[in-house]
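Here, each number is a calculation from the coordinates, and none is a lab measurement. If you're wondering where the values come from, they're calculated on a predicted model, not measured in any experiment. Cβ placement follows ideal geometry from the backbone for every residue including glycine, while neighbour counts extend to all protein chains displayed.
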Amino acid sequence: MDNIIKSIIDIDRGASKKLEDAEKERMRILGSAKEKEESIIKEALEKSKRDLERLENEEKKKSEEKLAAIKEENDRKVKAMQQSFEKNSERWRDEIFEAIIKG
């Protein structure tokens, strides 16, 4: 009878040890999974930040190019108006004078 009780106690201790080992393994796996989750989140945030910076730089470059094109077009128009004024100012002045005088 003592042998049976001893065997039951040994089996119980073995089962308790296996349960304890299984719980330690579960905790290790959960800890590892948490670390992996944090790593994935960190990588995703870093990638998003890089993508956002790249997009921001692309849009800034596009807007600077558009602004330069608009400025160039405005400069061209101003130059054309100045040339037109230089070429026609005397005639326009005379026409305005004549229109005022003749009423």
Filter pass, Ile70 being without any contact (Cβ under 8 Å) to a residue 12 or more places away in the chain and exposed (fewer than 10 other Cβ atoms within 10 Å of the Cβ): no
Matching residues in the range 52-103 - criterion: being small (Gly, Ala, Ser) and under 27 Å from the mean Cα position of the chain (by Cα): Ser63, Ala68, Ala69
Can Ser16 be described as more than 44 Å from the chain's Cα centre (by Cα), of a type outside the set (Asp, Glu) and in a helix (DSSP H, G or I)? yes
